[in-house]
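Okay, structure first, notes after.
The values are calculated or read from the model by the stated rules, or taken from the named source; none is laboratory data. What you are looking at is a predicted structure, and each value in this text was computed from that prediction instead of being measured. Here Cβ is always computed from backbone atoms with ideal geometry, including for glycine, and neighbour counts include all displayed protein chains.
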Amino acid sequence: MKDSLGSLRSLVSVVSLLVLVLVLVLVLVLVLPWHGDGYRFSPHPHHSYYDWLKEHYQRKRDALVTALREAGVEPIIPQGTFFVIGDTSAVCVRV
């Protein structure tokens, strides 16, 4: 009885592992090819993935800059990058 229970647990483990591998393969085959082509299906198609990616990050950076300004933090926007640093020296914190 104990041997059959151990065999059943081993079988369940193997089947679980096979299901996991199948799911990963399906993700690789079905989802990832579309991810790289996202720029072709955007509202404003771009010539390359990198042009699309640049605009994508630029929109996010602009939204963050707007939110920081509305919160009273003056953003410092470096040229050539998408990182934003906020100058908090004018922010008054009450303790």
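Within region 46-72, being farther than 29 Å from Thr88 by Cα and among the polar types (S, T, N, Q) holds for one residue alone: Ser48. For Ala90, the requirement of being at pLDDT 75 or above, touching an Asp or Glu at 6+ places or on another chain (Cβ under 9 Å) and exposed (fewer than 11 other Cβ atoms within 10 Å of the Cβ) is met. Can you confirm whether region 69-84 contains a residue that is on the phi > 0 side of the Ramachandran plot and modelled with pLDDT of 80 or more? Checking region 69-84: at least one residue is on the phi > 0 side of the Ramachandran plot and modelled with pLDDT of 80 or more. Candidates in region 33-49 are the residues that are part of a helix (DSSP H, G or I) and surrounded by 10 or more Cβ atoms within 10 Å (Cβ to Cβ); of these, the one that is modelled with the highest pLDDT is Tyr49.
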